[in-house]
1. What ranking of T143, T46 comes out by heavy-atom accessible area, probe 1.4 Å, highest first?
2. Counting only heavy atoms of the protein chains, get the accessible area per residue of the range 10-145 (1.4 Å probe) and round it to a whole Å² value.
3. Provide M40, M132 ordered by accessible surface of protein heavy atoms (probe 1.4 Å), highest first.
4. Taking all protein chains in place and a 1.4 Å probe, what share, in percent, of the accessible surface of the range 17-166 do carbon and sulfur account for?
5. Take Y30, Y16, Y56, Y112 and sort them by solvent-accessible surface of the protein heavy atoms, 1.4 Å probe, largest at the top.
Amino acid sequence: MKKLTGTFIFTKWDPYLLILQIISMQSLLYVSLGFIMFFMDNLAETNHNLDHIFQYHEIHVSDLGGRLVIFAFVINSLVGASLLWCIVRRTKLCLDFSCTFHGIHLLICWWYNAEFPAASCWLLNCVCATLMCVCGEFLCLKTELREIPIHGYSSLNTKVDLLISVTSHFTNQL
């Protein structure tokens, strides 16, 4: 459960929130991968099917279709970084959610292919998980390190300047 007080965030372990975040990340990443893959399939003029997402034999650099599949996964990892920033919003959790998505994806690929995924699938998922994690951490960290506004002291510099001028005035009088 998150309790907002000002701009400070107090976090408590909430399994329902965690499960909902995992489900929403998984769903949105597959939706975005589907859209990206649709456009890549149009560029390569190939049929649209789930094999491009889950069939690890489609990951290769020998033709345009395989390279576009790889490119779609890389673009989707950048989309995933922005989703981490929007949904998770915590730098400490970016690695967990990146590995969770790609781990579940590898399990689904294993089930879909009925055999253990090849090295190319593992390599692509490791690269994409790393890219998603690093970019997501950058975005979340940039948000977390923003200056925290202190209400009522917006003119702190003018008050400090006034205090310095009054102090210097009294020291000059002595």
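The values are calculated or read from the model by the stated rules, or taken from the named source; none is laboratory data. The shown structure was predicted, so the numbers you read here are calculated from the model rather than taken from an experiment. With ligands, DNA and RNA removed, areas are computed over all heavy atoms of the protein, side chains included. Shrake-Rupley method; radii C 1.70, N 1.55, O 1.52, S 1.80 Å.
1. Working: T143 35, T46 55 Å².
Of T143, T46, the descending order of accessible area is T46, T143.
2. 57 Å²
3. On the way: M40 20, M132 0 Å².
The residues order as M40, M132, largest area first.
4. On the way: 6500 of 9100 Å².
Carbon plus sulfur share of accessible area: 71 percent.
5. Values: Y30 50, Y16 170, Y56 15, Y112 80 Å².
Sorted descending by solvent-accessible area, the residues read Y16, Y112, Y30, Y56.
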